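Notes follow once the structure below has been shown.
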Amino acid sequence: MTGVETRSVARDSLFLLADIRVEQGADVYRVRVRNLSDGGMMGEGHPRVQRGHRVSVELRNIGSVAGTVAWVQDNRFGVAFDEEIDSQKARRPVQNDDHPSAAIVKASWAHRAPPPPEPGTLRKI
């Protein structure tokens, strides 16, 4: 998918804090969410992530959302969520009566990053 094609996805600029944890890691990092859409987000901070890492992002009013790091550049990174969320819900004031799973809309395969290649299948040049 080219950069032009991904820009067709509706996204909003915002300033929101979230906690991110790399799968099978114990460390939790506080990051700034700069862009958020139903299928993913752009974060800013210094978590130790690389393209292809599986992560869990804790978003306000939504809860924990699983995803894959799609790209990393300097202190910014993109996460493609496994399932679409209601991104407007993260902008609302904190609500305790909604269950976090109610924010998940449907599975999203359009934004999923490809898995990293197996080391044994790579050719040496």
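The values are calculated or read from the model by the stated rules, or taken from the named source; none is laboratory data. Because the structure is a prediction, the values reported are computed rather than measured. Counting neighbours? That spans all protein chains shown, and the Cβs are built from the backbone with ideal geometry, glycine included.
Please count how many residues of the range 37-73 are in contact with a helix residue (DSSP H, G or I) (Cβ under 6 Å, 6 or more places away or on another chain) and within 17 Å of Asp27 (Cα to Cα). It would help to see each step written out before you state the result.
At the first step, the residues of the range 37-73 found to be in contact with a helix residue (DSSP H, G or I) (Cβ under 6 Å, 6 or more places away or on another chain) are 37-38, 59-63.
With the extra rule that they be within 17 Å of Asp27 (Cα to Cα), the set shrinks to 59.
Number of matching residues: 1.
Quick one: in the range 13-59, which of the residues that are outside any loop (DSSP other than H, G, I, E, B) and among the charged types (D, E, K, R) is farthest from the chain's Cα centre (by Cα)? If you could, list the steps in order and put the result at the bottom.
Going residue by residue through the range 13-59, those that are outside any loop (DSSP other than H, G, I, E, B) are 13-22, 28-36, 40-44, 54-59.
Next, from what is left, pick out any that are among the charged types (D, E, K, R): 19, 21, 30, 32, 34, 44, 54, 58.
On the way: Asp19: 11, Arg21: 11, Arg30: 13, Arg32: 12, Arg34: 11, Glu44: 11, Arg54: 9, Glu58: 10 Å.
Across the range 13-59, the extreme among qualifying residues is Arg30.
Determine the pairs where a residue that is more than 11 Å from Arg76 (Cα to Cα), located within the range 38-51, has a partner that is of a type in the set (Gly, Ala, Ser) with Cβ atoms under 6 Å apart, the partner being 6 or more residues away or on another chain.
Asp38/Ser87; Gly39/Ser108; Gly40/Ala80
Can you confirm whether Val69 is without any contact (Cβ under 8 Å) to a residue 40 or more places away in the chain and under 18 Å from Pro115 (Cβ atoms)? First the steps, then the outcome.
Working: without any contact (Cβ under 8 Å) to a residue 40 or more places away in the chain: no; under 18 Å from Pro115 (Cβ atoms): yes.
No, not satisfied.
What number goes with the only condition from (1) touching a Ser or Thr at 6+ places or on another chain (Cβ under 9 Å); (2) surrounded by fewer than 16 Cβ atoms within 10 Å (Cβ to Cβ) that Ile62 does not pass?
So Ile62 meets the others, but not (2).
From the residues in the range 69-125 that are modelled with pLDDT under 80 and not in a loop (DSSP other than H, G, I, E, B), which one is surrounded by the fewest Cβ atoms within 10 Å (Cβ to Cβ)?
Once the filter is applied, the top-ranked residue is Lys106.
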